[in-house]
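First comes the structure, then the notes that go with it.
The values are calculated or read from the model by the stated rules, or taken from the named source; none is laboratory data. This structure is a prediction, so every number in the text was calculated from the model and none was measured. Positions of Cβ are backbone-derived with ideal geometry, glycine not excepted, and every protein chain shown enters the neighbour counts.
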C-alpha cells in the first residue's frame, strides 16, 4: 500500500529524514516510534504531500504521490484518512456537521438520507451515537479523538495515517481508542501508519514497529523483539520513555 524509497527531507540545516526506505503492506498496522523532532510527523505529511521531500519517491497504492497532477493527487487523497494529533474538529460545526463535511466534499453522489445513515453508522462504530448534535467544546478529550476517528473513516479510506492518536488521554481511554483502531483494521482491512509515543497503544495495535533516530530507520520488526533489544539506543529509549 505504501512504498517509501530513499526519502530525504531537511528544514534549513536540519536534516530530519535521511535517505529512508520502507514498505507497508495492505492491511498492516505499522507503528512509528522516535524521540520528538526525529521526523515521524514529517514522514506522514510527505506521504500525503503536505510537505515536499528534497529527494526520494513515495508510492501509495502504486501511484507516485509527488509526480501526480493536482486533480489526480486530490483523488488519491480521498483514499487516505489523516487523524491529526489534536483531532482538528471544526469548532463552529456540530458533530453531525463535522462528519457530514467530508461526505459533501468527496461523496457528491450521496443523498442527504444516505449521508445521515452513514453518520449514524460511524457514530455507532465509535460508540458515540448520543453526541450527534453536540459541539466540539462540549466533548471530552477522548470523545474528540473518537469523533476525529469517525470523521477519518467515514469516507472509507484504504490508508489511515495517525499522528499521536492517544496523546493526553488516560490509560483506560488509550486502551479503548487503541482497541477501536484495531477493530477498524480488522473490519475494513484498512492499512495504517501510526506515529505514537504510547507503548500501551502500540502493544494493542501494532503488527510491526519502526524506530527513527537522527533521520534514519534503526529498527524495523516486531514490537516484542524491540522492547527486548540489547541495542544501546533502543534500550535507553524504551527505558527512559516507558519505565517512569
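Details
- Only one of the numbered conditions (1) under 18 Å from residue 81 (Cβ atoms); (2) surrounded by 19 or more Cβ atoms within 10 Å (Cβ to Cβ) is not met by residue 118, and that is (2).
- Whichever residue in region 130-144 is in a helix (DSSP H, G or I) and at pLDDT 85 or above and, among such residues, is farthest from residue 85 (Cα to Cα): 130
- The number of residues in region 184-194 being buried (at least 22 other Cβ atoms within 10 Å of the Cβ) and in contact with a helix residue (DSSP H, G or I) (Cβ under 7 Å, 6 or more places away or on another chain) comes to 4.
- Test: residue in region 151-160 that is without any contact (Cβ under 8 Å) to a residue 60 or more places away in the chain, surrounded by 16 or more Cβ atoms within 10 Å (Cβ to Cβ) and within 24 Å of residue 104 (Cβ to Cβ): yes
- Of 100, 113, 109, 117, all but one fail to be without any contact (Cβ under 8 Å) to a residue 40 or more places away in the chain, in a loop (DSSP other than H, G, I, E, B) and not assigned by TED's automatic domain parsing to the domain that holds residue 47; the exception is 109.
- Checking the stated criteria, residue 10 turns out to be over 19 Å from residue 192 (Cα atoms), part of a strand (DSSP E or B) and out of contact with any strand residue (DSSP E or B) (no Cβ under 6 Å at 6 or more places or on another chain).
- Qualifying strands (runs of 3 or more DSSP E) (wholly inside region 18-85; at least 2 residues being at pLDDT below 95): 29-33, 80-83
- Residue in region 170-178 that is in a helix (DSSP H, G or I), surrounded by fewer than 20 Cβ atoms within 10 Å (Cβ to Cβ) and touching a helix residue (DSSP H, G or I) at 6+ places or on another chain (Cβ under 6 Å) present: yes
Results for (1) within 20 Å of residue 47 (Cα to Cα); (2) not in a helix (DSSP H, G or I), shown as yes or no for each residue.
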{"site": "201", "(1), (2)": "no, no"}
{"site": "209", "(1), (2)": "yes, yes"}
{"site": "220", "(1), (2)": "yes, yes"}
{"site": "226", "(1), (2)": "no, no"}
{"site": "229", "(1), (2)": "no, yes"}
{"site": "233", "(1), (2)": "no, no"}
{"site": "237", "(1), (2)": "no, no"}
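- Test: residue in region 158-172 that is on the phi > 0 side of the Ramachandran plot and in contact with a strand residue (DSSP E or B) (Cβ under 9 Å, 6 or more places away or on another chain): yes
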